[in-house]
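This is the structure I want to talk about, given as structure tokens.
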Amino acid sequence: MADKKEVAKTPTITNRKAQHLYFIEDRFEVGVMLVGSEIKSIRAGKCSFNEAWVEVSKDKNELWLVGAHIDEYFFAKRFGHEPQRKRKLLAHVSEIQKMRKATELKGLTLIPLKLYFKKRYAKIEVGLCRGKDQRDKRQDIIARDEKLAIARIVKAGGRR
């Protein structure tokens, strides 16, 4: 019972802009190394992924989250953190090598899609993404509008 209540309280921060700008080829779940004040700030919902991406280091098998903004926690006065520092991501070596190959050979980009809590650990869902053209974005908007129109007609009971 306590687990269900705890899950309901923790926020899920999503990168809604990524769905619009990229085709998502593959998804990975990775851990993230955070400081205590960052965890508190994320639990308060003070985090943004809009301009963030993931780098794979060339010499080591390491992933880094770059450009994510986690606000400073007000009550952590002198033990605070920098809002936009690079944060290390934790993944299996085989997954990191798979991501490196995809970014180097296929020209894909690693984008953080979602930050959530699994049990008591912060996890980030990283997507292997390919950029959309303007035409693809327009087609997505048209498909979404058609879907909404159909849903309105069904809700009205077929009446116009």
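Convert each backbone phi in the stretch 23-40 into a coupling constant with the Karplus relation 6.51 cos²θ - 1.76 cosθ + 1.60 (shift: θ = phi - 60°), then list the ³J(HN,Hα) values in order as whole Hz, x for Gly and Pro.
8, 9, 7, 8, 10, 10, 9, 10, x, 9, 8, 10, 8, x, 5, 5, 4, 4
So if a site counts as exposed when it's one of the chymotrypsin sites (Phe, Trp or Tyr not before Pro), its DSSP state isn't H, G, I, E or B, and it has at most 10 other Cβ atoms within 10 Å, what's the longest stretch of the chain without one?
Details: sites that count: Phe75, Phe79.
Longest run free of exposed loop sites: 80-160.
Here is a follow-up. Return one whole number: the accessible area per residue of the stretch 98-157 in Å², for a 1.4 Å probe. Before the final figure, lay out each step's value.
Details: 4190 Å² over 60 residues.
Accessible area per residue: 70 Å².
Note down the nm distance, to one decimal, between modelled labels 7 Å out along Cα→Cβ at Val154 and at Thr12.
If labels sit at Val154 and Thr12, their model points lie 2.1 nm apart.
For a Förster distance of 22 Å, can you work out the FRET efficiency between the beta-carbons of Lys118 and Trp64, rounded to the nearest 0.05?
On the way: r = 21 Å, r/R0 = 0.94.
So the FRET efficiency works out to roughly 0.60.
The values are calculated or read from the model by the stated rules, or taken from the named source; none is laboratory data. Source: prediction; values computed, not measured. Cβ sites come from the backbone with ideal geometry, for glycine too, and all protein chains shown count toward neighbours. Each accessible area value is taken on the protein alone, full model and side chains, heavy atoms only, with ligands, DNA and RNA left out. Shrake-Rupley method; radii C 1.70, N 1.55, O 1.52, S 1.80 Å.
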